[in-house]
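Structure first, then comments.
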Amino acid sequence: MSLRDFGVLVLVCLVWACNNIVSKIVVAHWGVPPLFYAAVRFAIVAAVTLPWLLPAPRPAWRIVVVGLLLGLGNFALLFMGFKTASPSTAAVVVQLAVPFTTILSVLLLGEKVRWRRGLGIVLTLSGAVVVMWNPHGLQLSPGLWFIVGSAFTGSLGAVMMKQIEGVRPLQLQAWVGFTAVAPLAALSGLFEPGGFGLAVHAGWPFVAAVVFSALVVSVVAHTSYYGLIQRHDANLIAPLTLMTPLMTIGLGVLITHDHFDVRMGIGTLLALVGVLIIALRKNQVTPLLMLTRNRFQ
C-alpha cells in the first residue's frame with residue numbers, strides 16, 4: 001500500500017470516528033430524536049445518490065431487505081443506542097458484528113470456520129462481555145442492547161449483500177437511503193412527536209452535523225473506502241480499519257468525557273485481537289467485513 005492510500009485510509013477512519021462522536025452529541029446532548037436524525041440523514045443520502053438507484057440489482061426484493069437492514073435496522077438502532085451508551089463502549093460492543101457476520105456466513109453461505117477464527121469469535125465475545133460487565137454482573141443498559149441489535153442487523157444485511165452480484169458502492173448507498181427514509185420518517189412521527197421542533201431548536205449545528213454525516217461520511221468516506229478495497233487485498237484493509245474504534249475511544253475520552261478504566265482496556269484489547277484474528281484469515285467473511293463497516297459509520 002502506498003503512503004497516499006494509507007493516508008486516505010487513516011482519514012476515512014478518522015471521519016468515521018468523528019461521526020460516532022457527532023452522532024452521540026446530536027441525540028444525547030442536543031436532544032434530537034434518533035429516528036428523526038436517521039430519517040433526515042438518509043433523505044439527504046437518497047437525494048444525492050438518486051442517479052445511481054437504477055437499474056435495480058436482482059433480485060430487487062433482496063436489495064430492499066438489505067437496505068432496510070442497514071438503514072432502518074443498523075443505523076436507527078445505533079442512534080437509539082447513543083442516547084445512553086458512550087461512544088467508547090459502543091465502539092467495542094459493536095465489534096460483535098464481526099463474529100455475528102462469521103456465524104451468519106456459516107449458516108447462510110456455507111462458510112467453514114476453523115479453530116483460529118473460532119478463537120477470534122471467542123475473544124471478541126469475551127471482550128464485549130468484559131466491557132459490558134459491572135460490579136453487579138452482566139447488566140446491559142437499553143443503549144447497549146440497541147448497539148447489539150445494530151451489530152446483528154448490520155451483519156445480516158452484509159451477508160445478504162454477498163448473495164447479490166454487481167452492486168456498486170454508490171448504488172448500495174442509494175438503496176439504503178431510498179428504502180430507509182420513509183419507514184424512519186413514519187416511525188419518528190409515531191414515536192417521536194416534536195422531533196422537528198427539537199431539531200430546529202438545535203439550530204445550524206444540527207444542520208452541519210447531519211450534512212457531515214450524510215455527505216462526508218456516507219458518500220465521500222465510503223466511496224474512498226471502496227476505492228481502497230478495489231486496489232488492495234481485503235485482508236490488508238480489514239485489520240487497518242480497527243483504527244476506527246481506537247480513534248472513537250480516544251475522541252470519546254477527550255470530547256464526550258467517556259469513562260475508560262482498566263476493565264474497558266482489557267475488554268477492548270480482547271475484542272480487537274479477536275476481530276484481527278478473524279480479519280486476517282482468507283475466507284468469504286473478509287469481504288463481508290468491508291460491508292459491515294457500514295454498521296457503525
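The values are calculated or read from the model by the stated rules, or taken from the named source; none is laboratory data. This one's a predicted model, so the numbers in the text were calculated from it and none came from an experiment. Here the Cβ positions follow ideal geometry from the backbone for every residue, glycine too, while neighbour counts run over all protein chains shown. These accessible areas exclude ligands, DNA and RNA; they are computed on the full protein's heavy atoms, side chains included. Shrake-Rupley method; radii C 1.70, N 1.55, O 1.52, S 1.80 Å.
Counting only aspartates and glutamates at least 8 places from Lys83 when in the same chain, those with an alpha carbon closer than 20 Å to its own are Glu192, Asp258. Mean residue ellipticity, 222 nm, helices only, the chain: the sum of -39500 (n - 2.57) across DSSP H runs of n ≥ 4, divided by residue count and rounded to 500, is -21500 deg cm²/dmol. For the listed peptides 252-258, 112-118, a ranking on the average number of other beta carbons within 10 Å per residue, highest first, reads 252-258, 112-118.
Using only the C-alpha atoms, the convex hull of the chain corresponds to 127 Å³ per residue.
Sequence-ordered 3J(HN,Hα) estimates for segment 215-230 from the Karplus curve with 6.51, -1.76 and 1.60 and θ = phi - 60° stand at 8, 5, 7, 6, 9, 5, 5, 5, 5, 4, 5, 5, x, 5, 4, 5 Hz, glycine and proline given as x.
If you take all other residues with their beta carbon under 11 Å from the beta carbon of Ser88, and give Lys and Arg +1 and Asp and Glu -1, the sum is -1. To the nearest 10, the accessible area of Glu165 is 150 Å² with a 1.4 Å probe.
More than 13 angstrom separation, counting every C-alpha pair in segment 90-136; what % is that? Tail of the P(r) past 13 Å holds 57 percent of the pairs. Restricting to Cα pairs below 8 Å that are 6+ residues apart, what does the relative contact order work out to for the chain? Please round to a whole percent. That works out to 39 percent.
This model, with +1 at the C-beta of Lys and Arg and -1 at the C-beta of Asp and Glu, gives the chain a dipole about its Cα centre of some 680 debye. A straight line joining the Cα centroids of segment 46-117 and segment 244-283 runs 19 Å. For the chain, which whole-number percentage of the solvent-accessible area (1.4 Å probe, protein heavy atoms only) is attributable to carbon and sulfur atoms? Answer for the chain: carbon and sulfur cover 74 percent of the accessible area. Taking a ≥ b ≥ c as the square roots of the Cα gyration tensor eigenvalues, with a/c under 1.5 meaning rounded and otherwise prolate when a/b beats b/c, else oblate, which class fits segment 1-112? Verdict is rounded for segment 1-112. Rg and Dmax of segment 93-205, based on Cα coordinates, read 18.4, 53 Å. Heavy-atom accessible surface of the chain, averaged per residue, reaches 42 Å², computed with a 1.4 Å probe.
What shape does segment 176-235 have by the C-alpha gyration tensor, where a ≥ b ≥ c are the square roots of the eigenvalues, rounded means a/c under 1.5, and otherwise prolate means a/b greater than b/c and oblate the rest?
Values: a/c = 4.48, a/b = 1.98, b/c = 2.26.
Oblate.
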